[in-house]
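Accompanying notes for the structure given below.
The values are calculated or read from the model by the stated rules, or taken from the named source; none is laboratory data. Because the structure is predicted, anything quoted here is derived from the model rather than measured. With ideal geometry, Cβ positions are generated from the backbone for all residues, glycine too; neighbour counts draw on all protein chains shown.
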Amino acid sequence: MLKYTVNRLLSTIPVMIIVSIIVFMIVHLTPGNPAYLILGEDSSEESIAQLEKQLGLDQPIVVQFFDWFKNVITGDLGQSIYSSEPVLQIILDRLGPTFSLMMLSMTLALAIAIPAAIFVVWKRNTIVDPLFIFTSLLGVSIPEFWFAMLLVLGVAVAIPIFPVAGYVPIVESVNLWFYHLILPAIVLATVEIGLIARMLRDSMLDNVHQDYTKTVRAQGIKESMILMKYVFANALIPTTTVVGTMVAGLLGGAIIVETMFTIPGIGQLLIDSIHRRDYPVIQGVVLIIAGIYFLINLLIDLLYTFLDPRIRYD
Amino acid sequence: MFKKKRNVVSISVLCMITIATLTASFWLPHSPSYIDPDFRLLEPSATYWFGTDDFGRDIFARTVVAAKVSLFVGIVVAVASTLLGTLIGLLSGYYRKADFLMMRVIDGMLAFPSLLLALALVAALGGSIVNIIVALTFAFSPVMARIVRSAVLQINNVQYIDAAKITGTSDIIILFRYILPNIITPIIVQGTFIFAKAILAEAALSFLGVGVDPTIPTWGNMLQEAQIYISIAPWFSIFPGLAIVFTVFLLNILGDGLRDALDPHAKKVKSRKSLLKKLKLAKS
Amino acid sequence: MLEVKGLKVRIHSDKGVVKAVNGVSFTIKAGQTVGIVGESGSGKSVLAQSLMRLNPEPTTVYTEGEILFQDRNILALTDKEVRQLRGSDIAMIFQDPMSSLNPVFKIGDQLIDAIRAKQKMSRKTAKQKATELLKDVGISDPDRRMGEYPHQFSGGMRQRVLIAMALASKPKLLIADEPTTALDVTIQAQILQLLKNIQNKYGMAIIIITHDLGVVANMADNILVMYSGRIVEEGSTEDIFYRTTMPYTWSLLRALPRLDANDQEQLVTIKGNPPNLLGEMKGCSFYQRCPFATEQCALSDPVLREIGKDHRVACILSESEFIDQVNQLQSIQ
C-alpha cells in the first residue's frame, strides 16, 4: 500500500505541470497583445509598455512560463490588475464561502442520495425503480441557474423566509450562515443527488445478486439489513470515486450559484474577473480550483485503497 | 438499438424539435425579433403562448428559434469531442508508448471541472459561437478519451487482436476494423451524454454573460435577460428554461436507453423489468 | 424430517419460462446423507435452493407441490418465517467459496454476524463461539485468522469458513451445493472428510448436490439422479453404483475415470447436451442421448417405478432388457 501511495503521489507531478501550462496559456491564447486586451485599444504606449513589463510579456514565452511557474511554486500568483492586491490573498479571502457552500451541498446531497439509493434497491422489483430512473435523469437535466431562479421565485419572493443574496461567515453566526447558504446549497445539491443516487443504485444492484449476498440470505439475515450493511459496504467502494466527480460538479456549479446568490466566493470572483479582464486573478482562480479538485481526487484515490481490504493488504 | 420504445420516442421528438426550429420562419405566428414596446412583458395568452419579453418580443418564437443555436452547439461539440476523444483514446490505448504522455495531458485537462475549463478558454478566446464550440470540445473530449482508452485496453488483450497482430494486419485496420466496432457502445452513449451536457454548458456560459453574443437568441441568453424580471414576469424565465430541461432530458433518456439497449449486461436488468410486468399481468 | 412432494418450479427469464423442476418427490430422514447428482442444467441447484426458498423472487414460481420440513410446508410460510428457518434449521453452503464471502468484512465479523443472526448473545460470547466453530472446521489459530479478510484465505480455507458459518446455529439439515467443484482435488477430499466429521459431531442431515458421482460415492447413504428437472433414479449408494438399470446413470458411471480400467479402455462421454428446459417435453427426456433408445421412448414418458427395496428407476426398459442392451453394446465395442 505504501508503494501504491508513493506511486500515486509521484504521478501527480506531470499532471501538475500540465495543469500549470494550461493555466499559463490562458493569457497567451488571447488573440493579440494581452496588454492591449487588458487596458483597451486606446491606451497609451507607455502604460502598455509598463503592463507588458509587469506581466513579463517582453520576454520569450518559455522564459515567461518558467518565471511564472517559479512564482506560483513560491505562492506568488501575481497582482490583480483591477485592485492591485496580491492574487493569492484575494483568493484566500474568498475561499471560505465557496468551501462552506460545497460542504453544505455535499452533506445535503449525500444525506438524500444514500437513503434514496438503498430504498430504490430495496424496492427494485416495483414501480419505484423506473420512477427513480426517470427522476434522476430529470434531475441531471435541469440547469442549476434556472433551478436557482425558480427557487428564488418560489421560496424567496412568494414566501420570503430565506434570503436570496448575501453571506455570513460561520464564525460570526452559525444560524445566519446556514440561513444564507441553504437555498444555494439546495440548488447545488439537486443535480448531484440525481448523479450519486443513480451510481449508488447501479453499484448496489450489481452487488445484490453476488454470491456473498446469497450466503447471508441463507443465514436468515433480514433483507433490509443485507442491503444496508453488506451490499452498501461493497457498493460504497466504487462510489467513493463518484464523490470525485461530484466535487467537479460542485466546483462548476458553485461558479454559477455564487454569481446568482451573490455569495462572495471564488466562483463569483472568477466571473467578475472575466468581465474585468483581470487575467492574473482568472489564472489564479483557475489554478486554485484545479488544485483543490486535484487534491480531493488524490485523497479519494488513497481513501479507496484504504476502504478496499483487497488493496490495503497487498 | 431502436427496439426500445423509449429510444424511438426520444429520437423522434428530438428530430421534431430540430425540424421545427429549422423551419421556424415558415410557421411561426410572430417574428422572434419584432420589437413592440407597447406589448412588453405580457402574460401568456392565446396570441402570445409563452408571453412577451422586455422588448415586447414573442417568447414562444424566440424559444423556438433559440433551439437552433443550442442544438447546433450541442451537436457540433458532441461530434467533435467524440471524434477527438475517440482518436486520442484509441491511440493511447493501442500504442502503449504514446500512452504515458497523452494520458498525463488528459489527466491535466481532467483536473479542471469541465465548466471551469470552458470558462477559462472562453475568457481567453472571447465569446463567439466558434470559440464556445472549441472551448466545450476541449472541456468534454478528455472524458471521452479516458472511456475509449479503457475500453481499448480491455479489448487489446483479447486473442483475436493478438491473432490479427501476428498475421501482420496493419495497425490502422486493427484499430478501425477490429477494435473500434467493439467499443462503439460506450462511445455512442457517452456522445449522447456530451450532447446533453454541451447544451447545458452553452446555456450556462451565455447566462453568465461570457457565451454567445447576447443579441443572438439562445436559451441561456434569454434567461440572462429574464433574470431581473423573475418576480414580475416569471413566464419569461420559465419557458426557455423548460425548453432546456425538455431537450436535455430527452437526450439523457436517449443516452440511458441506448446504454440499456446496447450493453448486454444492462440488458438483463431491463428485461427483468419487462418480465416483472408480464408476471404481474399474468397474476392479475 | 424433510419431505418433498411433487414439486414443480418455473423460472421466468427473458427467453421464456424455464421448467427447472418437474414433479420431484423425495424424503430425507434425520441424520441421513443424500446426494443429488446431475449435469449442469438438470435443475439440481434450483431444487436445492427451493428447499430454503432462496431462488430469486419473484421470477421463480413454485407452481405445484409441497416442501414439508418437520411437517411445515416451506412454500406456504411467510417471508419472515422462512427467514427464521434459514440458518437455524436449514443451512446452506455454496459452490464458489471465492465469491461467497463478503470481500470487505473480516472473517470474524462475518462469522459473528451469522451467529448473532439466530441467537441472542453478546458480541463477546459470539466471538468465543466463532473461535470454537473455526476450530471445529479445522482452521488453526482461529483468533488471529478472524481478524483477516477473505482474500487472505485460500479456497479450501474459505469453504471451511463457510461451513463454520453454516454450523453457527446447529442446523438440522445442511445443503451443500457443489461444495468441492471450485477446489483442487486434494482439497476436495479434505472438505468431504470435514463434512463427514461435522456430521458425526453435530448429527445433522446433509444434502450434497454435485455433478460428480465420485464425490458422493463415499459420503451418501442415498443418491437421487436428476435429469431435466426430474428424478430419474433413486436408491441407496450401492443400488446406484452396482445395480443401476437406468441408461442415464449407467452413462454417468461409464464417464467416471477409474483406476482399475485398463489402458485400452476409453472414457465414455455422453453424447449431446441436456435438453432445453424452455420447450415442451414429449416422451422420455433422455431419449435423444440414450444409447438404448427405441421408438417407444419418443412417445412414452416413464415414471419412477420400484425395482428393488427403495430403489426406483424411470425407464421403460426392464432389468433383463437393460442387461441385454448393455451386453450387446459392449460386445460391439
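Of all residues in region C:49-79, which are in a loop (DSSP other than H, G, I, E, B) and among the polar types (S, T, N, Q)?
If the condition is that a residue be in a loop (DSSP other than H, G, I, E, B) and among the polar types (S, T, N, Q), then C:Asn55, C:Thr59, C:Gln70, C:Thr78 are the ones that fit.
Given (1) in contact with a helix residue (DSSP H, G or I) (Cβ under 6 Å, 6 or more places away or on another chain); (2) in contact (Cβ under 8 Å) with a residue 60 or more places away in the chain; (3) buried (at least 23 other Cβ atoms within 10 Å of the Cβ), identify the lone condition not met by B:Ile88.
With (1) in contact with a helix residue (DSSP H, G or I) (Cβ under 6 Å, 6 or more places away or on another chain); (2) in contact (Cβ under 8 Å) with a residue 60 or more places away in the chain; (3) buried (at least 23 other Cβ atoms within 10 Å of the Cβ) applied to B:Ile88, the lone miss is (3).
Quick check on region C:1-19: of everything there that is in contact with a helix residue (DSSP H, G or I) (Cβ under 6 Å, 6 or more places away or on another chain) and modelled with pLDDT under 90, which residue is farthest from the other protein chains (Cβ to nearest Cβ)?
C:His12
Given the criteria more than 14 Å from chain B (Cβ to nearest Cβ), touching a helix residue (DSSP H, G or I) at 6+ places or on another chain (Cβ under 9 Å) and under 30 Å from A:Ile289 (Cα atoms), does A:Ile237 qualify?
Here the answer is yes, as A:Ile237 does meet what is asked.
Tell me, which residue of region B:35-65 that is over 32 Å from the mean Cα position of the chain (by Cα) and surrounded by 15 or more Cβ atoms within 10 Å (Cβ to Cβ) is farthest from B:Gly241 (Cα to Cα)?
Ranking the qualifying residues of region B:35-65, first place goes to B:Phe39.
Could you please let me know if A:Asn71 is surrounded by 13 or more Cβ atoms within 10 Å (Cβ to Cβ), more than 30 Å from A:Val257 (Cβ to Cβ) and at pLDDT 85 or above? Can you show your working first?
Values: surrounded by 13 or more Cβ atoms within 10 Å (Cβ to Cβ): yes; more than 30 Å from A:Val257 (Cβ to Cβ): yes; at pLDDT 85 or above: yes.
Spelling it out, A:Asn71 is indeed surrounded by 13 or more Cβ atoms within 10 Å (Cβ to Cβ), more than 30 Å from A:Val257 (Cβ to Cβ) and at pLDDT 85 or above.
Those residues that are closer than 11 Å to A:Pro280 by Cβ and surrounded by fewer than 16 Cβ atoms within 10 Å (Cβ to Cβ), I need them from region A:83-103; list them, please.
Within region A:83-103, A:Ser83, A:Ser84, A:Glu85 qualify.
Taking region A:190-235 as the search range and keeping residues that are of a type in the set (Val, Ile, Thr) and free of Cβ contacts under 8 Å to residues at least 24 places away in the same chain, which one is farthest from B:Asp260 (Cα to Cα)?
Filtering region A:190-235 for residues that are of a type in the set (Val, Ile, Thr) and free of Cβ contacts under 8 Å to residues at least 24 places away in the same chain, the one farthest from B:Asp260 (Cα to Cα) comes out as A:Ile221.
Show the residue pairs that are 6+ apart or on different chains and have beta-carbon atoms under 7 Å apart, the first residue being within region C:30-59 and not assigned by TED's automatic domain parsing to the domain that holds C:Ser285, the second being among the aromatic types (Phe, Trp, Tyr) and not in a loop (DSSP other than H, G, I, E, B).
As it stands, the answer is C:Gly38/C:Tyr227; C:Ser42/C:Tyr227; C:Ser50/C:Tyr62, since those pairs meet every condition given.
So which of C:Ser25, C:Ser42 ends up being over 17 Å from C:Glu57 (Cβ atoms) and not in a strand (DSSP E or B)?
Within the list C:Ser25, C:Ser42, the selection yields C:Ser42.
Can you give me the number of residues within region A:254-291 that are under 21 Å from B:Ile230 (Cα atoms) and not aliphatic (A, V, I, L, M)?
Total meeting the criteria: 5.
Which numbered condition in (1) closer than 26 Å to A:Ile296 by Cα; (2) in contact with a Pro (Cβ under 8 Å, 6 or more places away or on another chain); (3) part of a loop (DSSP other than H, G, I, E, B); (4) of a type outside the set (A, V, I, L, M) is the only one that B:Arg104 fails?
It fails just one condition, (3).
For region B:99-136, how many residues meet the condition of being crowded, with 24+ Cβ neighbours inside 10 Å and at pLDDT 90 or above?
Counting residues in region B:99-136 that are crowded, with 24+ Cβ neighbours inside 10 Å and at pLDDT 90 or above gives 3.
Check every one of the helices (runs of 4 or more DSSP H) wholly within region C:86-200 and list those with 3 or more residues that are within 28 Å of C:Phe69 (Cβ to Cβ) and in contact (Cβ under 8 Å) with a residue 40 or more places away in the chain.
The helices (runs of 4 or more DSSP H) meeting that bar are C:107-118, C:155-167.
Can you pull out the residues in region B:62-88 that are hydroxyl-bearing (Ser, Thr, Tyr) and either closer than 10 Å to B:Ile194 by Cβ or touching a Cys at 6+ places or on another chain (Cβ under 9 Å) (or both)? Give the steps one after another, and end with the answer.
Here is the first cut: in region B:62-88, the residues hydroxyl-bearing (Ser, Thr, Tyr) are B:63, B:70, B:81-82, B:86.
B:Ser81, B:Thr82, listed by residue number.
Can you find, within region C:54-107, the residue that is nearest to C:Ile175 (Cα to Cα) among those that are more than 7 Å from chain A (Cβ to nearest Cβ) and among the polar types (S, T, N, Q)?
Looking at the filtered set, the residue picked out is C:Gln95.
Please go through region A:221-252 and give me each residue that is among the hydrophobic types (A, V, I, L, M, F, W, C) and farther than 20 Å from A:Val191 by Cβ, ordered by number.
Going residue by residue through region A:221-252, those that are among the hydrophobic types (A, V, I, L, M, F, W, C) are A:221, A:225-228, A:231-233, A:235-237, A:242-243, A:246-248, A:250-251.
Matches in region A:221-252: A:Ile221, A:Met225, A:Ile226, A:Leu227, A:Met228, A:Val231, A:Phe232, A:Ala233, A:Ala235, A:Leu236, A:Ile237.
Of these, B:Ala203, B:Ala145, B:Ala196, B:Ala164, which one is surrounded by fewer than 23 Cβ atoms within 10 Å (Cβ to Cβ) and not polar (S, T, N, Q)? Let's see the steps before the verdict.
Working: B:Ala203 fails: surrounded by fewer than 23 Cβ atoms within 10 Å (Cβ to Cβ); B:Ala145 fails: surrounded by fewer than 23 Cβ atoms within 10 Å (Cβ to Cβ); B:Ala196 fails: surrounded by fewer than 23 Cβ atoms within 10 Å (Cβ to Cβ).
Only one candidate passes the filter, namely B:Ala164.
Could you say which residue among C:Met226, C:Met146, C:Met204 is among the hydrophobic types (A, V, I, L, M, F, W, C), at pLDDT 90 or above, under 30 Å from A:Phe306 (Cβ atoms) and crowded, with 17+ Cβ neighbours inside 10 Å?
Every option except C:Met146 fails the conditions.
Name the single residue, out of those in region A:247-294 being part of a helix (DSSP H, G or I), more than 10 Å from every other protein chain (Cβ to nearest Cβ) and not hydrophobic (A, V, I, L, M, F, W, C), that is nearest to A:Leu101 (Cα to Cα).
Here the residue is A:Glu258.
For region C:118-137, indicate whether the set of residues that are modelled with pLDDT of 90 or more, surrounded by fewer than 20 Cβ atoms within 10 Å (Cβ to Cβ), closer than 27 Å to C:His211 by Cα and of a type in the set (D, E, K, R) is non-empty.
No: region C:118-137 contains no residue that is modelled with pLDDT of 90 or more, surrounded by fewer than 20 Cβ atoms within 10 Å (Cβ to Cβ), closer than 27 Å to C:His211 by Cα and of a type in the set (D, E, K, R).
Out of all the residues in region C:22-53, which are more than 16 Å from C:Thr210 (Cα to Cα) and away from every other protein chain (no Cβ under 14 Å)?
Those that are more than 16 Å from C:Thr210 (Cα to Cα) and away from every other protein chain (no Cβ under 14 Å): C:Asn22, C:Gly23, C:Val24, C:Ser25, C:Phe26, C:Thr27, C:Ile28, C:Lys29, C:Ala30, C:Gly31, C:Gln32.
If you check A:Met260, A:Met246, which single one turns out to be under 30 Å from C:Lys106 (Cβ atoms) and surrounded by 22 or more Cβ atoms within 10 Å (Cβ to Cβ)?
Residue meeting the stated conditions: A:Met246.
Kindly establish whether A:Ser141 is at pLDDT 90 or above and among the hydroxyl-bearing types (Ser, Thr, Tyr). It would help to see each step written out before you state the result.
Numbers: at pLDDT 90 or above: yes; among the hydroxyl-bearing types (Ser, Thr, Tyr): yes.
The answer is yes for A:Ser141.
Return the residues of region A:128-163 that are of a type in the set (Val, Ile, Thr) and facing chain B (nearest Cβ under 10 Å); say none if nothing qualifies. So that I can check it myself, show each step before the final result.
Just the residues of region A:128-163 that are of a type in the set (Val, Ile, Thr), to begin with: A:128, A:133, A:135, A:140, A:142, A:152, A:155, A:157, A:159, A:161.
A:Ile133, A:Val140, A:Ile142, A:Val152, A:Val157, listed by residue number.
What do you reckon, is B:Ala78 in contact with a helix residue (DSSP H, G or I) (Cβ under 6 Å, 6 or more places away or on another chain), within 14 Å of chain A (Cβ to nearest Cβ) and either in a helix (DSSP H, G or I) or touching a residue at least 40 places away in the same chain (Cβ under 8 Å) (or both)?
Values: in contact with a helix residue (DSSP H, G or I) (Cβ under 6 Å, 6 or more places away or on another chain): yes; within 14 Å of chain A (Cβ to nearest Cβ): no; either in a helix (DSSP H, G or I) or touching a residue at least 40 places away in the same chain (Cβ under 8 Å) (or both): yes.
Spelling it out, it is not the case that B:Ala78 is in contact with a helix residue (DSSP H, G or I) (Cβ under 6 Å, 6 or more places away or on another chain), within 14 Å of chain A (Cβ to nearest Cβ) and either in a helix (DSSP H, G or I) or touching a residue at least 40 places away in the same chain (Cβ under 8 Å) (or both).
Please find, among A:Ile81, A:Ile18, the residue that is at pLDDT 80 or above, within 14 Å of chain B (Cβ to nearest Cβ) and not in a helix (DSSP H, G or I).
A:Ile81
Which residues, counting only those in region C:295-313, are assigned to a loop (DSSP other than H, G, I, E, B), touching a helix residue (DSSP H, G or I) at 6+ places or on another chain (Cβ under 9 Å) and on the phi < 0 side of the Ramachandran plot?
C:Lys309
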